[in-house]
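Here's the structure, in structure tokens; my notes come after.
Read the figures in this text as sums done on the coordinates, not as results from a lab. Keep in mind that this is a model prediction, so the values were computed, not measured. Cβ coordinates were reconstructed from backbone atoms using ideal geometry, including for glycine residues, and neighbour counts include every protein chain displayed.
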């Protein structure tokens, strides 16, 4: 995937096993989680703060909502 200037775009999320989406960038995941508690950080059951250093797992419904938002 590239932009008009042919600079590659960073892949920030990936569909896994057909039923969940992983946001691999911890900064982006923290931002999404902080905006509305979307998703669940991998390996952190109940985060105490919206800032974490782990990928974020989203349900397909959450990912679709955020994509269309």
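In this rough spin-label picture, where each label sits 7 Å from Cα along the Cβ direction, the residue 59-residue 20 distance is 1.3 nm. From the Cα gyration tensor of segment 13-68, with a ≥ b ≥ c the square roots of its eigenvalues, which class applies: rounded if a/c is under 1.5, or else prolate if a/b is larger than b/c, or else oblate? Here segment 13-68 falls in the prolate category.
How high is the relative contact order of segment 13-68, given as a whole-number percent (alpha carbon pairs under 8 Å, six or more residues apart)? Each step should come with its number before you reach the end.
Numbers: 85 pairs, mean separation 21.9, N = 56.
Averaging sequence separation for qualifying contacts and normalising by length gives 39 percent for segment 13-68.
Fully extended, how many nm does the chain gain between residue 28 and residue 68 (0.36 nm per residue separation, minus their Cα-Cα distance)?
Numbers: separation 40, 0.36 × 40 = 14.40 nm, distance 1.68 nm.
Computed gain between residue 28 and residue 68 is 12.7 nm.
Starting with the fewest neighbours, write out 61, 44 ranked by other beta-carbon atoms found within 10 Å of each beta-carbon. Could the numbers behind the result be given before it?
Numbers: 61 8, 44 13.
Sorted ascending by nearby Cβ count, the order is 61, 44.
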